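Have a look at the structure below, then the notes.
Just so it is clear, none of the values below were taken in a lab; they were calculated from the coordinates. Just so we're clear, the structure is a prediction, and the values are computed from it rather than from any experiment. Every residue, glycine among them, receives a Cβ derived from its backbone with ideal geometry; neighbour counts consider all protein chains shown.
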Amino acid sequence: MKRIAWIVGLALVSTAAFAFHCPADMKKIDEALAKKPQLSAAQMNDVKKYRAEGEQLHKAGKHQESVDTLAKAMAILGIK
């Protein structure tokens, strides 16, 4: 019984960690965009699309998908 409670608790903590990770990634993307990076129009469109999708996924509670989507935008912008 203790093992089950521990596993459930660990799952909840990891979900919360992703929930807080999304806003941090969105902030990094926004800060990079504010610096007017040298991107092609297609790259800029992709970054904006991934940023918007990432925020929607975050709000829907799909935090891992949000992190993955925001990572695509961050890769285009060269953010680590």
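Sorting the segments 32-41, 48-57, 66-75 by their mean number of nearby beta carbons within 10 angstrom, highest to lowest, gives 66-75, 48-57, 32-41. For K72, the lysines whose Cα falls under 23 Å of its own Cα, not counting residues fewer than eight places away in the same chain, are K27, K28, K35, K36, K48, K49, K59, K62, K80.
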